[in-house]
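Okay, so here's the structure we're looking at.
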Amino acid sequence: MSELLRLEKITKSFPSPSGGRIDVLRGICLSLEEGEIVSITGRSGSGKSTLLSIAALLSSPDSGRIIYGGTDVSSLDERGITALRAEKTGIVFQSSLLLADFSALENAAMPMMIRGMRRKEAMEKAEKYLAITGLLERKDHRPAELSGGERQRTAIARALSGGASVIFADEPTGSLDERSADVVENLLFEAVRGEGRGMILVTHNTSLAGRADRRLVLSEGVLSDG
Amino acid sequence: MDDASRLYAARKSGQGMTRGYILSSFSPLIILIIVTAALSFALSFIFSMSSEIERMLAVLGSGSVRCSVCAESSLLPDGSEISEVRTGNGLIYAENGECAVAVKGTDSDYFSGMRGDELELTFSNAQSAEGGRAPLPAVLSSSLADELSLETGDRFTLLLWEEELGRARPVLCSVSAIFASVYPQLDSHLLYIPLAELSSASYYEVLLPSGADADAAAETLWRAGIPASSYKDVYSSLYMNVRASISILYPILAAIAVLAAFFSSDAAQIYLSRDREDIKVLMMLGMSRRAVRGIYLRITVMAVAAAAFIGIIIGSALSLLSPLLLEAAARREPEMLSFYVTSFTPVIPLPALLFMAVLLILVSVISVSFSLRRRLRR
């Protein structure tokens, strides 16, 4: 199995209200292999989402290296990082973060179009993933017309359809009822494992975290085996 | 622009959106619509008014071109009318008033062509039943007729000043026709009588078809050895006033462009705030800042262009109603509008309006580009 992502000695701190700085991440090291699912748990405010946002290239660390399939992100300019994010990452948040004025199909096709794929081709591919997530019949509905579970399934279709090698999921089932949560969990795990991708899953939910191949705990800015 | 940007820009510009969304997109640009409408109205009104005043300088003044010798019609544009004219001064004594007038001696067919068509004449049906010398037929404007309480068929005495003889001669006149006063500045003290009644040297008025170039016609006559002046030279101060009104509009256009810059960058900021969450999502999905800037530049400029277009349509539509408003105002306060043509055909100055729209769009492209660059900086 090849390595999809490696984080080396990632640090991040934020200014504290009292004037000093709070070290949220202290030299985090993490690697993710093809087909692997890694879960990260930790108390609220432990820095899980900060770590996920740095790994997903949504924010930058204070120090450390992020390497995607051999490409060191620190060697890239903003445009290169943006392109890498579009190509390698798929993100599913607790709130599905869909574009409110676009249909489920358009939302799912958006990452591919951003990467330069023609609209027609992107729509066809997005339809395939909406079918996998069981939303084909709702493809023309806008997010406001979908239930919470359906919105989350749309977000999963969007994350998968772009061909991302690493999926980042931040409490993907946190806002769903038990039944919808099961559906979304199964979808994510099957899609990631079945297509040889990797996933970093941030969650409070211990049973969800327990389904991962590796379980890590973030505490005091340090990752340890859970 | 990739398909994602195109789709996003089209949707945010209103494609597939509710009417409420589209209207709310225009709300930051309502002032721009109002200002553009006002300016379009002003442009249209001033262009219409000035072109009609220029026409009246020719119709009521001394023709499009005035020359001292009768020109060959082959030297003039097709449809031109040539009339021999003499001028003098006189005093009208009517039953209900008196008034000093400029007197113009003309042939009987003076009002039969274009001039007659443009000056809505009302003729007298009265026949002279008396023996002896019949009164002179006189044509005057409705503003002069109103001032002296004269109607068609009424009689008055004209004390005609004969400059060559150095004396005044009384003449009995009858109002043979009244034309609707359109430009009181020129027609409220003007009386037309038969040419033979005046003994001054005659000159020739050439009335060109509407839209023909008077300067070019005068130039042609000069080249043929006929001294000629266009109405622009004869009425140079009036003509310059008219031109000055138009030239005042250009600094106003520039001011509007600055306003457009303000409102368009303001609109861009409002759209960015409205779509803050969507922009985060697009960037999360890998859209570059540059692409986002491009999208919002396109959305804002399209909205500004649409607002300018709506403003121009509203302003132009209102300008079509301006003759009605002016005629109503002229009926109530005729003296207030003596420097205006009170009956005119509205002209929509398309090149000027297009220039204004292009200027607005160009200025908004520049201002929105700067605004987005500042706002979407990391």
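The values are calculated or read from the model by the stated rules, or taken from the named source; none is laboratory data. Model, not experiment: these values are computed from the prediction. Cβ atoms come from the backbone with ideal geometry, glycine included; neighbour counts cover every protein chain shown. Protein only, heavy atoms only, side chains kept; ligands, DNA and RNA dropped before computing areas. Shrake-Rupley method; radii C 1.70, N 1.55, O 1.52, S 1.80 Å.
Side notes on the structure shown:
Yes/no per residue for (1) touching a Gly at 6+ places or on another chain (Cβ under 6 Å); (2) farther than 17 Å from B:Ile361 by Cα; (3) surrounded by 16 or more Cβ atoms within 10 Å (Cβ to Cβ):
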| site | (1), (2), (3) |
| --- | --- |
| B:Arg223 | no, yes, no |
| B:Ala228 | no, yes, yes |
| B:Asn241 | no, yes, no |
| B:Ser247 | no, yes, no |
| B:Ile252 | no, no, no |
| B:Ala261 | no, no, yes |
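- Here the condition is being away from every other protein chain (no Cβ under 14 Å), out of contact with any strand residue (DSSP E or B) (no Cβ under 9 Å at 6 or more places or on another chain) and more than 30 Å from A:Ser96 (Cα to Cα); of B:Ile226, B:Ile246, B:Ile270, it holds for B:Ile246 alone.
- Residues satisfying the stated conditions in segment B:13-44, i.e. surrounded by fewer than 23 Cβ atoms within 10 Å (Cβ to Cβ) and under 21 Å from B:Leu326 (Cβ atoms): B:Ala37, B:Ala38, B:Phe41, B:Ala42
- Enumerated helices (runs of 4 or more DSSP H) restricted to segment B:1-87, each holding at least 1 residues that are within 14 Å of chain A (Cβ to nearest Cβ) and either closer than 30 Å to B:Glu118 by Cβ or in contact (Cβ under 8 Å) with a residue 40 or more places away in the chain (or both): B:3-12, B:19-26
- Only strands (runs of 3 or more DSSP E) whose full extent lies in segment B:139-252 are considered here, and the ones with at least 1 residues that are closer than 20 Å to B:Val65 by Cα are B:190-194, B:203-207, B:228-230.
- Residue count, segment B:299-325 (criterion: farther than 21 Å from B:Ser273 by Cβ, of a type in the set (Gly, Ala, Ser) and buried (at least 20 other Cβ atoms within 10 Å of the Cβ)): 4
- Selection count, segment A:195-211, where residues are out of contact with any helix residue (DSSP H, G or I) (no Cβ under 8 Å at 6 or more places or on another chain) and buried (at least 19 other Cβ atoms within 10 Å of the Cβ): 1
- Residue count, segment B:278-288 (criterion: facing chain A (nearest Cβ under 7 Å) and either within 14 Å of B:Leu7 (Cβ to Cβ) or assigned to a helix (DSSP H, G or I) (or both)): 5
- Condition met for B:Tyr296 (within 14 Å of chain A (Cβ to nearest Cβ), open to solvent by less than 40 Å² (accessible area, probe 1.4 Å), among the hydroxyl-bearing types (Ser, Thr, Tyr) and part of a helix (DSSP H, G or I)): no
- Subset of segment A:14-25 [closer than 16 Å to A:Thr50 by Cβ and surrounded by fewer than 18 Cβ atoms within 10 Å (Cβ to Cβ)]: A:Phe14, A:Pro15, A:Ser16, A:Arg21, A:Ile22, A:Asp23
- Per-region count, segment A:162-200, residues under 13 Å from the mean Cα position of the chain (by Cα), among the polar types (S, T, N, Q) and under 23 Å from A:Ala100 (Cβ atoms): 1
- A:Thr11 vs. criteria away from chain B (no Cβ under 11 Å), within 22 Å of A:Leu223 (Cβ to Cβ) and under 15 Å from the mean Cα position of the chain (by Cα): no
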